[in-house]
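*Asks:* Sharing a structure below in structure tokens format, with a few things to ask.
The values are calculated or read from the model by the stated rules, or taken from the named source; none is laboratory data. No experiment lies behind these values; they were computed from the predicted model shown. Cβ placement follows ideal geometry from the backbone for every residue including glycine, while neighbour counts extend to all protein chains displayed. SASA here: full protein model, heavy atoms, side chains in, ligands and nucleic acids out. Shrake-Rupley method; radii C 1.70, N 1.55, O 1.52, S 1.80 Å.
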Amino acid sequence: MSGNRDAAWFAEKLNDRTIRGIALETSALIRAGALPVGTKLPPIRDLAFALGISPATLSEAWSELRRQKIISGRGRNGTWVSGDRFVAQPARLASVGDYGYDALNLTAAVPDVKLLPKLEAAMAYGASAENLNSYERSRILPELEEQVRTTWPYEPEAFLATNGGYNAVYTLINALVMPGAAVAIEDPTGMRLLDILEDRGARIIPVKCDEEGPLPSSLEEALKYRPVAFIFQPRIHAVTGQSVSAARMASMAEILRDKDTLIVEDDGIADISTAPRHSMGHLYPDRVIHVLSYSKTHGPDLRLAVLSSSRAIVDQIQSYRSFSSGWTSRILQAAVAWLLRDEATAVCLDHARQIYRGRRAGLIDALGERGVEARHGGGLCAWIPVSSEPFAMVTLAARGIAVHPGAKFSILPSSHLRVATANLSERRKEVADAIALAAVHT
């Protein structure tokens with residue numbers, strides 16, 4: 001049953017008059033049913049006066065509840081209770097549809113499971129990992145650190161094993177970025193990265209890109225907002241398939257030289273790339289966070305990534321982790337260390353790298369023959385320009401082909417499709433024909 005509650009009623013119920021306290025106690029009243037869905041909240045000025053706080057303090061508390069989708073504004077009609085529970089949900093990822101059994105689903109840029117290395121021997125080895133079943137919150141197994149150091153692009157102070165690449169980014173964002181802080185990120189970018197930043201309440205500052213990586217002029221413009229962090233993908237871009245050139249890396253490093261912005265290098269596609277590993281860590285070891293995921297190369301069920309940074313930053317990230325898992329499975333860490341030493345795994349990865357590159361290039365070539373120009377590159381998907389995303393999506397859906405619209409990967413206007421190519425071993429001509437029809441809308 002909906003209704004109104006006046007300022008005096010709130011003043012009796014809310015004891016903690018801080019921003020966080022008001023948000024927590026109000027949400028508790030909503031969940032308890034004292035403020036049913038549909039209840040109109042008092043005007044901010046009236047309630048702030050009754051609580052003896054500034055309108056700005058109350059406005060901040062209400063903003064937090066809006067972010068959680070517990071309350072919503074209705075313009076001049078005021079603010080209302082819109083939900084009685086909050087479950088954090090990655091909006092872009094959660095909006096991925098169910099395309100049915102018969103559809104050719106090219107939405108998921110995931111590895112071909114047939115091209116992943118065998119894990120039996122690695123897992124058997126992992127079961128005898130050093131310090132197994134200890135509750136010690138160790139950051140990384142010594143043998144895994146020894147292996148990753150052999151090919152790491154710089155010499156960092158400290159390493160940390162995490163439960164996958166996105167877990168690494170989610171954890172470092174929550175550990176180091178306050179809600180409301182500005183974060184610069186290349187555009188387009190991974191939709192899950194945008195989900196993480198939006199969930200944190202960060203102010204997202206887009207940095208435009210070309211075929212060589214983030215544009216220096218756009219990065220300079222973004223830095224005017226004093227972002228606490230800049231996130232980019234240094235080797236294969238997970239959306240566009242492009243790689244940051246050495247010259248562009250040097251240009252960005254010069255722009256970032258006198259800033260205090262954290263530099264997050266997210267190498268999520270890892271050694272599927274033929275490009276060499278590179279990093280700004282040798283220049284700015286005190287503020288670079290370099291993340292390397294093994295999900296696409298060695299197996300998503302290994303749930304393993306490694307990040308490096310200064311000892312102080314790794315301490316902060318590990319402190320945040322202590323609220324949850326505290327450490328990454330030593331079994332999985334030891335298994336990955338074994339795989340990194342294994343010659344057969346290296347041969348398997350080299351074979352997969354060639355297959356992925358061939359599948360992507362095959363689609364790009366076929367599109368070029370049909371008048372659709374898209375860039376060659378690497379990785380597990382292609383970024384294809386179209387004249388109208390809605391028209392292209394409908395056209396492909398009518399032909400039983402599911403892809404992602406570019407809008408999922410950008411906060412700027414987009415006219416692209418993100419097409420997964422890693423598992424496109426057949427029906428390439430059919431897909432190219434359909435995309436050619438979908439790309440042009442007159």
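*Asks:* If you take the square roots of the eigenvalues of the alpha-carbon gyration tensor of region 258-331 and sort them as a ≥ b ≥ c, do you get rounded (a/c under 1.5), prolate (a/b over b/c) or oblate?
*Replies:* It comes out oblate by the Cα gyration axes.
*Asks:* In addition: Karplus couplings for region 148-165 from phi (6.51 cos²θ - 1.76 cosθ + 1.60, θ = phi - 60°), rounded to Hz, Gly and Pro as x?
*Replies:* 5, 5, 5, 10, 5, x, 7, 9, x, 6, 8, 10, 8, 7, 10, 8, x, x
*Asks:* On a straight-distance basis, which aspartates and glutamates could pair with K296 in a cross-link, Cα separation under 19 angstrom, same-chain partners fewer than 8 positions away excluded?
*Replies:* Excluding near neighbours in sequence, the set is D112, E120, E265, D266, D267, D271, D342, E343, D350.
*Asks:* Same structure, new question: State the antiparallel share, in %, of DSSP beta bridges confined to the chain, rounding to the nearest 5.
*Replies:* Bridges in the chain are about 50 percent antiparallel.
*Asks:* Quick one: if you take sqrt(5λ) for each eigenvalue of the C-alpha gyration tensor of region 113-210, what semi-axes come out, biggest first, whole angstrom?
*Replies:* 32, 18, 15
*Asks:* Considering region 1-68, what Rg and Dmax in Å follow from its alpha-carbon atoms?
*Replies:* Here Rg and the maximum Cα pair distance are 10.9, 31 Å.
*Asks:* Turning to a different aspect of this structure: Sorted by average packing, counted as other Cβ atoms within 10 angstrom per residue and highest first, what order do 238-250, 106-118 take?
*Replies:* 238-250, 106-118
*Asks:* Can you tally the net charge around R235? Count Lys and Arg as +1, Asp and Glu as -1, for every other residue whose Cβ sits under 10 Å from the Cβ of R235.
*Replies:* -3
*Asks:* What accessible surface, in Å², does a 1.4 Å probe find on C209, ignoring ligands, DNA and RNA and rounding to the nearest 10?
*Replies:* Surface accessible to solvent at C209 totals approximately 40 Å².
*Asks:* In terms of Cα to Cα distance under 25 Å, which lysines are near enough to K69, apart from those fewer than 8 places away along the same chain?
*Replies:* K13, K40, K408
*Asks:* Under the Karplus relation 6.51 cos²θ - 1.76 cosθ + 1.60, θ = phi - 60°, what is the ordered set of whole-Hz ³J(HN,Hα) values for region 122-138, x standing for Gly and Pro?
*Replies:* Per residue, the Karplus-derived 3J(HN,Hα) values read 5, 5, 4, 5, x, 5, 10, 4, 4, 6, 4, 6, 7, 8, 5, 7, 6 Hz.
*Asks:* How large is ³J(HN,Hα), in whole Hz, for each residue of region 228-239 in order, when computed from phi with the Karplus curve 6.51 cos²θ - 1.76 cosθ + 1.60 and θ = phi - 60°, using x for Gly and Pro?
*Replies:* Listing the rounded values in order: 6, 8, 10, 10, 8, 10, x, 10, 8, 6, 5, 9 Hz.
*Asks:* What's the long-distance tail for region 299-396, i.e. % of Cα pairs beyond 16 Å?
*Replies:* Every Cα pair in region 299-396 considered, those over 16 Å come to 74 percent.
*Asks:* Counting helices only, and only those DSSP H runs with n ≥ 4, report the 222 nm mean residue ellipticity of the chain as the sum of -39,500 (n - 2.57) divided by its residues, in deg cm²/dmol to the nearest 500.
*Replies:* After summing the helix terms and dividing by residue count, I get -12000 deg cm²/dmol.
*Asks:* Now for a separate question. Whenever you get a sec, compute what percent of the accessible area on the chain sits on carbon and sulfur atoms (1.4 Å probe).
*Replies:* About 52 percent, which is the carbon plus sulfur part of the accessible surface.
*Asks:* What is the ratio of the Cα radius of gyration of region 330-442 to 2.2 N^0.38 Å, with N the residue count, to two decimals?
*Replies:* Here the Cα radius of gyration is 1.30 times the empirical estimate.
*Asks:* S388 to Y320: extension gain in nm, 0.36 nm per residue of separation minus the Cα-Cα distance?
*Replies:* Gain on stretching S388 to Y320: 20.2 nm.
*Asks:* Okay, moving on. Enter the mean projected area of the convex hull around the alpha-carbon atoms of the chain, in nm², rounded to one decimal.
*Replies:* If you wrap the Cα atoms of the chain in a convex hull and average its projections, you get 24.9 nm².
*Asks:* In the neighborhood of V183, defined by Cβ-to-Cβ distances under 9 Å, what is the net charge if each Lys or Arg adds +1 and each Asp or Glu adds -1?
*Replies:* After counting each charged neighbour, the total is +2.
*Asks:* Enter the per residue convex hull volume of region 189-345, computed from alpha-carbon coordinates, in Å³ rounded to the nearest integer.
*Replies:* 132 Å³
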